[in-house]
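Only one structure is covered here, and it is reproduced in the block below.
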């Protein structure tokens, strides 16, 4: 029997941003797909694991930036004819990348860059990642109280992906600041302004690499051919932008979310300290339990479709909740329990199908090395002062902590990631006196 949802969409507001998991549970119990308003636009939110996997591979759901823009304008009551025909470089960069494309364009672009993200290539980066982790931990050792995000979780993936792609060390902090600002930008004008600055910088960087190639991914992409078809200049800028932002923000927040989960579950932290063979499984459970990308990018239906028994009309926005699917009790027993010994395989933290995250092996490796090194270096790690307001950082699609300076003291453990504070400030005690 087909499931039906309310014709009147439910508005998801600040409570959803602050703590989506109870909202997911309530909506998921009613149906596999919910009709909601998110970010001011009506859409269909896919919640259950089986339905999410089906939606992520359904060819009737299209990644089409132009179609999405027209539909968004219609929902906003704006005549598409009145929209400016010419996009700025930053606006093009934000939409003309693999995450917003269907085959055959997606297939061609992914093929050009996929060889840099094979399991063998990523494992070859282990010594460099370990060196970077060691240097960052040397910098915070002896400080006593440390903002983990600012001092460690953000600079690690920013350094790794920047070196891999070819961003000079002197420019990495600026690019990281732009990326951070872009993920929390609300107004289109603000977002486009930041994106234009990033596009201008990347255009200059690509020109410099074209004049003086180096052993990095940008130089390789400049030379890349697929049946004699080079990347266009716009495609090249968008590709580098996507790899940098996706390779930085999501991994940083995965490390932050993971450490917070461990600290709020001292039995799991103790088990991991006692048995490091659990580390790889712990990374999978961290990814399932509170993944940094809890919503997939938007798709649009080309015709009426049924997903999980729910009828979705043509020309409708569909967004898959990876976070809700990972907490589906039909797929994971007692999903609100954080258990590093759980068989967490099959989670959707990195997506599914043709848009499965190409950088997943790199994110996993960095998180594994980062968490293991923190435990090796500091036998005592605990939360410092809890924030007065229990709020997550408000971001587009991504879920992560907001850094906040804290005083000395101890935060009280909470049973669920849905009740975090803004703080991931830690008290660290060194192995050595």
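Points worth noting:
- Condition met for residue 294 (farther than 30 Å from residue 44 by Cβ and either buried (at least 18 other Cβ atoms within 10 Å of the Cβ) or modelled with pLDDT under 90 (or both)): no
- Taking first residues from segment 94-108 that are without any contact (Cβ under 8 Å) to a residue 12 or more places away in the chain and at positive phi and partners that are buried (at least 21 other Cβ atoms within 10 Å of the Cβ) and assigned to a loop (DSSP other than H, G, I, E, B), no Cβ contact under 6 Å between residues at least 6 apart in sequence or on separate chains turns up.
- Positions within segment 98-128 being in a loop (DSSP other than H, G, I, E, B) and closer than 15 Å to residue 67 by Cα, in sequence order: 101, 102
- Reported count of residues in segment 71-93, each being closer than 25 Å to residue 235 by Cβ and at pLDDT below 75, is 4.
- Qualifying residue in segment 53-66 (condition: touching a helix residue (DSSP H, G or I) at 6+ places or on another chain (Cβ under 7 Å), closer than 30 Å to residue 334 by Cβ and either at pLDDT 95 or above or part of a loop (DSSP other than H, G, I, E, B) (or both)): yes
- For beta carbons closer than 9 Å, sequence separation of 6+ or different chains, a first residue in segment 355-376 that is without any contact (Cβ under 8 Å) to a residue 12 or more places away in the chain and a second that is part of a helix (DSSP H, G or I) and surrounded by 22 or more Cβ atoms within 10 Å (Cβ to Cβ), the qualifying pairs are 360/287.
- Test: residue 164 is within 20 Å of the chain's Cα centre (by Cα), modelled with pLDDT under 90 and on the phi < 0 side of the Ramachandran plot: no
- Sole exception among (1) part of a loop (DSSP other than H, G, I, E, B); (2) farther than 30 Å from residue 401 by Cβ; (3) touching a strand residue (DSSP E or B) at 6+ places or on another chain (Cβ under 9 Å) for residue 143, by number: (2)
The values are calculated or read from the model by the stated rules, or taken from the named source; none is laboratory data. All of these numbers come straight from a predicted model, not from anything done at the bench. A quick note on method: Cβ atoms are made from the backbone with ideal geometry, for glycine too, and the neighbour counts reach across all protein chains shown.
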